[in-house]
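Notes to accompany the following structure.
Every number in this text was worked out from the coordinates using simple rules, so none of it is lab data. Please read these numbers as outputs of a predicted model, since none were measured by experiment. Positions of Cβ are backbone-derived with ideal geometry, glycine not excepted, and every protein chain shown enters the neighbour counts.
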Amino acid sequence: MLLTLSLVLLFAVPTSAQLGNGTCDEGWKWFHRTGGGWCMKLFTGSYSWFHAAGLCQTQGARLSGIGGDTGVNPQRRIEQQWIKNALLNLTSHITDVQPNVWIGARRKPECMYKQLNVAALCIPVLAFEWTDGKTIGVNGFQWAPGEPNNVGGIEDCGAFRTDMNKSNDFDCYSTHNTRGYVCGKPQIDP
């Protein structure tokens, strides 16, 4: 009986992580999104936004957006807290950790090279868009005070500040402002 139970358990272990109500690849975290399950994973390293986006593609993913709150669903806060904890867990041995990680957010083409509020469509809540193809709405953008400020007219990529649970805009080519990046992809279909 014990041998049979052991064999059943041995063969019942999935090769992917079953988290929440969905399935993700091993090491990825499942989140409930309005459009379906979403898997996220945080990676460390100081890269440009474009390099980080390419690294996500090697994982079959894209730089991830942060889900927005809808009604009583605190999705944004849940995802932000997970990103913060994941960065802390992966960098606990480093003393000078930048609290920023790249996310899948870019300044809209019509708002490039413009300072804040130059055009009505470029006010902070509307100046950026999600690039992962799955995150929708603007509720996930919770900007740090004075952000996005587009310093020098070149801060066109979004990062998440884990120390403030807020978004910030940076030069997409910068490699010294971030300590990691968050990849996202749809859940594995059963």
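Please identify which residues in segment 124-164 have an amide N closer than 15 Å to a label point set 7 Å out from the Cα of PHE50, following the Cα→Cβ vector. So the set is 154-158.
Excluding ASP171 itself, what net charge comes from residues whose Cβ is under 9 Å from its Cβ, given Lys and Arg +1 and Asp and Glu -1? That works out to -3.
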